[in-house]
1. May I ask you to derive the FRET efficiency for ASN46 and SER235 from their Cβ-Cβ distance with R0 = 56 Å, giving the value to the nearest 0.05?
2. Would you mind working out the magnitude of the charge dipole of the chain relative to its Cα centre, with +1 at each Lys and Arg C-beta and -1 at each Asp and Glu C-beta, to the nearest 20 Debye?
3. Farthest toward the dipole's positive end in the range 309-423, which of ALA374, GLY406, ILE333, given Cβ charges of +1 (Lys, Arg) and -1 (Asp, Glu) about the Cα centre?
4. Could you tell me how many degrees, from 0 to 90 and to the nearest 10, lie between the Cα long axis of helix 3-12 and the main elongation axis, the longest principal axis, of the Cα atoms of the chain?
5. Hey, if you put +1 on the Cβ of every Lys and Arg and -1 on every Asp and Glu Cβ in the range 3-110, which of ILE84, LEU45, THR105 ends up farthest toward the positive end of that dipole?
6. Using the per-residue mean of other Cβ atoms lying within 10 Å as a proxy for protection, in what order, highest first, do the peptides 61-70, 31-40, 46-55, 146-155 fall?
7. Kindly provide the helix-only [θ] at 222 nm of the chain, computed as the sum of -39,500 (n - 2.57) over DSSP H runs of four or more divided by all residues, to the nearest 500 deg cm²/dmol?
8. Would you mind calculating the relative contact order of the chain from Cα pairs under 8 angstrom and at least 6 residues apart, reporting the percent as a whole number?
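What follows is calculated from the coordinates using simple rules that are stated; it is not laboratory data. On a predicted model such as this, the values are computed, not experimentally measured, just so you know. Here the Cβ is made from the backbone with ideal geometry for all residues, glycine too, and neighbour counts use every protein chain on show.
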Amino acid sequence: MTEAFLQYVWQHQLMRLDTLCTTDNEPISVIKIGTFNANAGPDFLNAKIKIGDTVWAGDVEVHVRASDWNIHKHQLQKSYNSVILHVVQICDKDVFNEQNQHVPTLVMPILPHVTHNYMKLTDIPLGIRCGKHLPTIDSLRISLFLERLVAERFENKAKHIVELYTKTNNDWEETLYQLLARNLGFKTNAEAFELLAKSLPLHLIEKHHDDLFQLEALLFGQANLLTQPNDEYCSRLLHEYQFLQKKYDLTPISSTWWKFAKMRPYNFPTIRIAQFARLLYNTHHLVSILVEINSLDEIYSVFGCMASEYWETHYSFKKESPKHSSELGMQAIETILINTAIPFLFAYGKERNNEVLTQRAYQFLMQISAEKNAIISQWKDYAIMPQNAFESQGLLQLFNEYCSKGNCVRCSIGHVVMNKIDN
């Protein structure tokens with residue numbers, strides 16, 4: 001048993017309530033369980049419990065063993081003087097608060113089927129532990145839970161975006177610029193792209209906004225990918241960069257950040273940098289553009305950028321390749337929209353108390369195809385088929401924050417499974 005499971009049992013009162021009593025055999029009646037506290041201090045705040053003939057108002061603390069009270073030093077902490085009931089699985093010690101007052105203790109008489117179901121779930125290796133139960137779960141419950149999970153996911157992303165906004169001296173344009181750069185690197189080169197953007201602030205980019213060649217020179221030069229020019233185009237870029245580097249006193253990042261190995265050529269960072277240069281050339285004041293867009297097609301047109309002509313016959317500076325498209329593909333665009341543009345729109349709307357923008361972010365997500373990755377494939381193995389990116393984002397949040405962490409007790413689906421009487 002874990003403390004989280006016992007907190008779950010208390011929160012949902014999954015006990016034989018007619019037999020509750022303290023270890024001193026005083027009857028207990030729960031009037032109010034209290035509010036779960038995820039921060040420091042007792043686990044449930046502002047509870048109301050009748051013990052014997054007295055009604056107590058205060059807090060409830062939950063432990064696996066009663067002796068955990070002392071192990072956690074609660075007997076020395078004033079904030080635990082408000083605890084009116086100590087709820088445990090095993091009572092191996094009488095405990096006292098900082099005022100040396102005895103704290104009444106309840107050994108939880110957990111409903112047997114709840115314990116049985118919980119043990120069966122925890123015996124399964126981490127992953128989608130409740131997979132075999134999913135076909136029996138009401139689809140409406142799953143749908144409503146996914147909505148909550150998307151909101152949870154967006155709130156987390158918004159928090160990260162606002163933190164970045166603060167670091168950029170409250171500059172929304174710079175914030176979006178850095179976010180786009182990181183996500184253009186996708187997983188493999190995300191950190192390298194982020195370093196590149198930070199080494200080349202947007203205000204310098206804006207000075208050369210109308211010159212694609214200079215934008216490429218700045219980006220490739222700062223990326224440190226022009227050190228061994230082997231054709232005329234690369235030599236011209238290097239020459240232009242050296243001039244701009246001296247003018248702005250720029251220091252390039254290390255070329256060792258860039259990863260090319262085991263990547264498909266159209267995902268090479270050189271191609272992505274060239275596409276980023278085109279995006280910056282095509283757009284000016286991207287935040288304003290994003291905020292004013294009303295349709296998904298308009299967003300696609302903004303991010304559907306094509307690298308310059310050189311990149312139609314090259315994937316890198318090393319050698320020429322057969323002619324190919326240098327345009328950012330639809331799947332890549334949708335990945336950027338899902339992970340950057342739409343969360344940014346949500347965060348921007350939330351910070352400005354603009355519900356139109358936050359709702360538009362959700363609407364755009366519902367219009368994009370469901371993502372295809374290893375996690376979504378696992379859900380499909382259990383016949384959970386996301387219809388759009390809104391649902392696939394919910395499933396990713398469910399897997400990453402609940403399934404992978406064994407957090408079944410905080411999961412709406414896990415709640416149904418653990419409360420089944422016949423499994």
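1. Efficiency computed from Cβ-Cβ geometry: 0.20.
2. Numbers: 40 positive and 46 negative charges, 151 e Å.
Using only the charged Cβ atoms, the result is roughly 720 debye.
3. In the range 309-423, that residue is GLY406.
4. Taking the Cα atoms of the chain, the angle to 3-12 is about 70 degrees.
5. Of the candidates, LEU45 comes out farthest on the positive side.
6. Details: 61-70: 19.7, 31-40: 12.2, 46-55: 15.2, 146-155: 17.5.
Final packing ranking: 61-70, 146-155, 46-55, 31-40.
7. Dividing the helical sum by the residues of the chain leaves -14000 deg cm²/dmol.
8. 15 percent
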